[in-house]
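The structure appears below as structure tokens.
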Amino acid sequence: MRIDIITCLPKLLESFFAHSILQRAQQGGYVEVVVHDLRDYTADKHRRVDDYAFGGGAGMVMQIEPIARCIRALQAERTYDEVIYMTPDGQTLNQQTANALSLRQNLIILCGHYKGVDERVRELFITKEISIGDYVLSGGELAACVLSDAIIRLLPGVLNDETSALTDSFQDNLLAPPVYTRPAEFEGHRVPDILLSGHEARIDEWRHEQALERTRMRRPDLL
Ligand code: 6GU
């Protein structure tokens with residue numbers, strides 16, 4: 001998989017992808033993440049990417065030309081399955097969307113800023129608009145990191161234990177069950193006996209019950 005991210009804040013994204021699982025996923029060849037500085041695609045000598053809104057009103061709008069130039073340069077090199085725009089008025093991200101996108105080959109992610117992009121960008125280039133929740137961030141960069149992380153960790157081979165993404169919260173619309181590690185007792189608080197019993201089938205059953213119970217208590221909307 002290849003993910004191209006278009007942003008006015010490339011350094012912010014580069015530092016995110018230079019760590020942990022995301023770094024290993026790239027080093028292992030499971031994903032190639034390429035960050036593009038939108039300012040490299042301006043014709044303007046001041047490298048401006050935004051301008052005042054037609055009709056007035058507060059806030060700057062991201063211009064179409066640099067975005068068009070960047071997306072077209074990428075599309076001349078390869079075919080993209082989706083051109084995603086990160087925006088609070090997009091479809092709210094969930095595990096199902098992350099699963100579907102993890103099966104794609106090439107993705108472009110455009111990070112919005114200021115008052116958003118010129119509407120014609122959406123009409124001409126964007127195939128999918130994604131939000132990460134009902135609150136407003138100052139830019140789409142953090143949202144692009146969230147989306148990329150959710151996708152990349154699903155790629156086969158990226159996680160050490162291949163089954164671990166399958167037992168995530170949300171993967172079967174249930175929250176994850178509680179987990180424990182050593183010591184078996186901490187200041188009188190013991191790990192549930194069943195987990196020390198060695199009965200694999202009963203442990204699986206216990207975990208499923210706990211996941212159901214936790215979902216019922218915390219997120220009944222998922223059931
Ligand atoms: Cl994708 N962008 C911004 N700026 N704010 C958000 C968001 C995206 N998702 C939730 N809030």
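The values are calculated or read from the model by the stated rules, or taken from the named source; none is laboratory data. Here the structure is a predicted model, which means the values were calculated and not measured. Reconstructed Cβ throughout: ideal geometry from the backbone, glycine too, with neighbour counts over all protein chains shown. Accessible surface areas use protein heavy atoms only, side chains included; no ligands, DNA or RNA. Shrake-Rupley method; radii C 1.70, N 1.55, O 1.52, S 1.80 Å.
Just want to confirm a number: the relative contact order over the stretch 167-223, from Cα pairs under 8 angstrom separated by 6+ residues, in percent.
Over the stretch 167-223, the number comes to 43 percent.
Over every pair of different alpha-carbon atoms in the stretch 1-140, take the mean of 1/r and invert it; report that Kirkwood radius in Å.
Hydrodynamic radius (Kirkwood, Cα pairs) of the stretch 1-140 is 15.9 Å.
Using 1/(1 + (r/R0)^6) with R0 = 35 angstrom and r between the beta carbons of Val179 and Leu103, what's the FRET efficiency to the nearest 0.05?
E(calc), rounded to 0.05, equals 0.80.
Does the stretch 57-121 classify as rounded, prolate or oblate by the C-alpha gyration tensor (a ≥ b ≥ c root eigenvalues; a/c under 1.5 gives rounded; else a/b over b/c gives prolate, otherwise oblate)?
Verdict is oblate for the stretch 57-121.
Testing the spin-label approximation: label points 7 Å from Cα along Cα→Cβ at His189 and Arg218. State their distance in nm.
In this crude spin-label approximation the distance works out to 1.5 nm.
Among Ala76, Ile5, Leu101, pick out the residue whose Cα is farthest towards the positive end of the charge dipole of the stretch 2-152, where Lys and Arg carry +1 and Asp and Glu carry -1 on C-beta, about the Cα centre.
Sorting the options by dipole projection puts first Ala76.
So with the 1.4 Å probe, I'd like the accessible area per residue for the chain, rounded to whole Å².
Per residue, the chain has an accessible area of 60 Å².
Can you give the calculated 222 nm mean residue ellipticity of the chain, where each DSSP H run of n ≥ 4 adds -39,500 (n - 2.57) and the sum is split over every residue, rounded to the nearest 500 deg cm²/dmol?
My calculation for the chain gives -9500 deg cm²/dmol from helical runs alone.
Convert each backbone phi in the stretch 86-96 into a coupling constant with the Karplus relation 6.51 cos²θ - 1.76 cosθ + 1.60 (shift: θ = phi - 60°), then list the ³J(HN,Hα) values in order as whole Hz, x for Gly and Pro.
Coupling constants for the stretch 86-96: 7, 7, x, 9, x, 6, 5, 5, 9, 4, 4 Hz.
First measure r as the distance between the Cβ atoms of Glu200 and Gln91, then evaluate 1/(1 + (r/R0)^6) with R0 = 41 Å and state the FRET efficiency to the nearest 0.05.
Result of the calculation: an efficiency of 0.55.
Looking only at Leu110, Leu38, Leu124, which one moves most when the chain is put into a Gaussian network model with springs between Cα atoms under 10 Å?
Of Leu110, Leu38, Leu124, the most mobile in the Gaussian network model is Leu124.
Show which lysines lie in cross-link reach of Lys45 when reach means a straight Cα distance below 24 angstrom and same-chain residues fewer than eight apart are skipped.
Output for Lys45: Lys11, Lys115.
What is the antiparallel percent of DSSP beta bridges lying wholly in the stretch 2-152, to the nearest 5?
If we restrict to bridges inside the stretch 2-152, about 15 percent are antiparallel.
Explain nothing, just the number: relative contact order of the chain, from Cα pairs under 8 Å at least 6 residues apart, as a whole percent.
With pairs under 8 Å counted, the relative contact order is 20 percent.
What is the set of long-range amide H partners of Val33 at a cut-off below 5 Å, with H atoms built 1.01 Å from backbone N?
Ile3
Let me know the charge dipole size of the stretch 2-152 about its Cα centre in debye, to the nearest 20, where only the beta-carbon of Lys, Arg (+1) and Asp, Glu (-1) is charged.
With Lys and Arg at +1 and Asp and Glu at -1, about 260 debye.
Keeping the other protein chains in place, figure out the carbon and sulfur percent of the accessible area of the chain, with a 1.4 Å probe.
50
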